[in-house]
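The values are calculated or read from the model by the stated rules, or taken from the named source; none is laboratory data. All values reported here derive from a predicted model rather than from experimental measurement. Note: ideal-geometry Cβ built from the backbone for every residue, glycine included; neighbour counts use all protein chains shown. To get the accessible areas, we keep the full protein, side chains included, count just its heavy atoms, and leave off ligands, DNA and RNA. Shrake-Rupley method; radii C 1.70, N 1.55, O 1.52, S 1.80 Å.
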Amino acid sequence: MAETTRHLTVRIKRFDPETDSAPHWEEYQVEAEPWDRVLDVIQKVKWTIDDGLALRRSCAHGVCGSDAMRINGRNQLACKVLVKNLPDNTIRVEPILGLPVIKDLVVDMKPFFDHYKSVMPFLVNDEPPPTTERLQSIAARARFDDTTKCILCACCTTACPPFWGDRKYVGPAAIVNAHRFIFDSRDRAAAERLEILNDAEGVWRCRTVFNCTEVCPREIKVTQAISEVKRALLTGDVGEIDASAETAAAAS
Ligand code: SF4
Ligand code: F3S
Ligand code: FES
């Protein structure tokens, strides 16, 4: 595709609960440069055509996770989709699925964060703290490295068909964040988290659809993380690493 200014037709699903009984599509014409991202295009609509358009964004650099939306039918961060990579000159933009729409592209993230909070996404260790930091070997750190990269954008959970059908399903993002602590050798609450996830609305609702992995903007192996939690539940083994060996490895 030539790197020239493109004339885009931008179709955005709009919904204002104060005036609309149902969502509808609006169409806008926008000139975009090849280096523009879809976020720039949507902001051009807001700043030059219709300032009533509601969207969420903050960092504009793929870090905060706040501008997840469905672009051409696929969950993505609008700030990470370059105009020059769009297959044609028409873009469809709509809110992520499965969460209540507050207005236009802004959804209510509370149900998503309630699921996240339900898995205890924080380090639990009541043992007396060591005089220096809690040491951890490179191997022990590597066990959960992938799941530390989550930015809680909700792309995965809102691309998951079982979640669309059952909002009580805790969802892949919550499981990713449980994984991050279950397999952390410094944590002492793995059993509690596994108990929470050992439920029809926990990991067993996952049908290995893989949409979550396909859309994760951080390229986290989401389905693999879920499988590791399932395996830990079946075997009762989180593969604890011998603490003394770990201390020696970290100190060497
Ligand atoms: Fe977003 Fe990936 Fe985290 Fe899911 S796992 S919330 S897609 S960063
Ligand atoms: Fe859903 Fe991902 Fe499982 S899309 S069904 S959580 S593999
Ligand atoms: Fe922060 Fe896109 S605006 S990730």
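Test residue 163 against the criterion of being within 15 Å of ligand 2 (Cβ to nearest atom) and without any contact (Cβ under 8 Å) to a residue 24 or more places away in the chain, and give yes or no. Before the answer, list the steps.
Values: within 15 Å of ligand 2 (Cβ to nearest atom): yes; without any contact (Cβ under 8 Å) to a residue 24 or more places away in the chain: no.
It is false that residue 163 is within 15 Å of ligand 2 (Cβ to nearest atom) and without any contact (Cβ under 8 Å) to a residue 24 or more places away in the chain.
With away from ligand 3 (no atom under 14 Å from the Cβ), in contact with a helix residue (DSSP H, G or I) (Cβ under 7 Å, 6 or more places away or on another chain) and at pLDDT 95 or above as the only criterion, which of 70, 57, 74 stands out?
On the way: 70 fails: in contact with a helix residue (DSSP H, G or I) (Cβ under 7 Å, 6 or more places away or on another chain); 57 fails: away from ligand 3 (no atom under 14 Å from the Cβ).
Just one listed residue meets the conditions, 74.
So residue 60 ticks every box in (1) of a type outside the set (D, E, K, R); (2) at positive phi; (3) within 16 Å of ligand 2 (Cβ to nearest atom) but one. Which box is left unticked?
(3)
What number goes with the only condition from (1) in a helix (DSSP H, G or I); (2) open to solvent by less than 20 Å² (accessible area, probe 1.4 Å); (3) at pLDDT 95 or above that residue 246 does not pass?
(3)
Exactly one condition in (1) within 12 Å of ligand 2 (Cβ to nearest atom); (2) at pLDDT below 95 is false for residue 205; which is it?
Among (1) within 12 Å of ligand 2 (Cβ to nearest atom); (2) at pLDDT below 95, residue 205 violates only (2).
Which pairs do you get when a residue that is within 18 Å of residue 65 (Cα to Cα), found in segment 204-223, comes within reach of a residue that is open to solvent by 90 Å² or more (accessible area, probe 1.4 Å), reach meaning Cβ atoms under 7 angstrom, with the pair 6+ apart or on two chains?
Pairs that qualify, where the first residue is within 18 Å of residue 65 (Cα to Cα) and the partner is open to solvent by 90 Å² or more (accessible area, probe 1.4 Å), are 213/221; 215/74; 217/80.
Restricting attention to segment 5-17, does a residue exist that is among the basic types (Lys, Arg), in contact with a Leu (Cβ under 9 Å, 6 or more places away or on another chain), assigned to a strand (DSSP E or B) and open to solvent by less than 30 Å² (accessible area, probe 1.4 Å)?
Applying the first criterion (among the basic types (Lys, Arg)) to segment 5-17 yields 6, 11, 13-14.
Subsequent filtering for residues that are in contact with a Leu (Cβ under 9 Å, 6 or more places away or on another chain) retains 6, 13-14.
In the following step, the residues that additionally are assigned to a strand (DSSP E or B) were identified as 6, 13-14.
Subsequent filtering for residues that are open to solvent by less than 30 Å² (accessible area, probe 1.4 Å) retains 6, 14.
Taking every residue of segment 5-17 in turn, at least one turns out to be among the basic types (Lys, Arg), in contact with a Leu (Cβ under 9 Å, 6 or more places away or on another chain), assigned to a strand (DSSP E or B) and open to solvent by less than 30 Å² (accessible area, probe 1.4 Å).
Test each condition in (1) over 20 Å from residue 152 (Cβ atoms); (2) touching a Pro at 6+ places or on another chain (Cβ under 8 Å) for residue 52 and report the one that comes out false.
(2)
For segment 32-74, which positions are of a type outside the set (A, V, I, L, M), surrounded by 12 or more Cβ atoms within 10 Å (Cβ to Cβ) and not in a loop (DSSP other than H, G, I, E, B)?
The initial filter retains those residues of segment 32-74 that are of a type outside the set (A, V, I, L, M), namely 33-37, 40, 43-44, 46-48, 50-52, 56-59, 61-62, 64-67, 70, 72-74.
Within this subset, residues satisfying the condition of being surrounded by 12 or more Cβ atoms within 10 Å (Cβ to Cβ) are 33-34, 36-37, 40, 43-44, 46, 50, 56-57, 59, 62, 64-67, 70, 72, 74.
Correct list: 37, 40, 43, 44, 46, 70, 74.
Of all the residues that make up segment 202-237, how many are open to solvent by less than 60 Å² (accessible area, probe 1.4 Å), farther than 15 Å from residue 174 by Cβ and within 16 Å of ligand 3 (Cβ to nearest atom)?
2
I'd like to know if segment 178-201 contains one or more residues that are open to solvent by less than 40 Å² (accessible area, probe 1.4 Å), away from ligand 3 (no atom under 16 Å from the Cβ), of a type in the set (Lys, Arg) and modelled with pLDDT of 95 or more. Don't jump to the end; show me each part of the working.
Just the residues of segment 178-201 that are open to solvent by less than 40 Å² (accessible area, probe 1.4 Å), to begin with: 178-179, 181-185, 187, 189-190, 193-194, 197.
Going one step further and asking which of them are away from ligand 3 (no atom under 16 Å from the Cβ), we end up with 178-179, 181-185, 187, 189-190, 193-194, 197.
Those left that are additionally of a type in the set (Lys, Arg): 193.
Still in the running and modelled with pLDDT of 95 or more: 193.
Yes, segment 178-201 has at least one match.
Of all residues in segment 145-159, count the ones that are under 9 Å from residue 176 (Cβ atoms), more than 7 Å from ligand 1 (Cβ to nearest atom) and surrounded by 23 or more Cβ atoms within 10 Å (Cβ to Cβ).
Here the count works out to 1.
So, in segment 94-144, how many residues would count as being open to solvent by 20 Å² or more (accessible area, probe 1.4 Å) and at positive phi?
1
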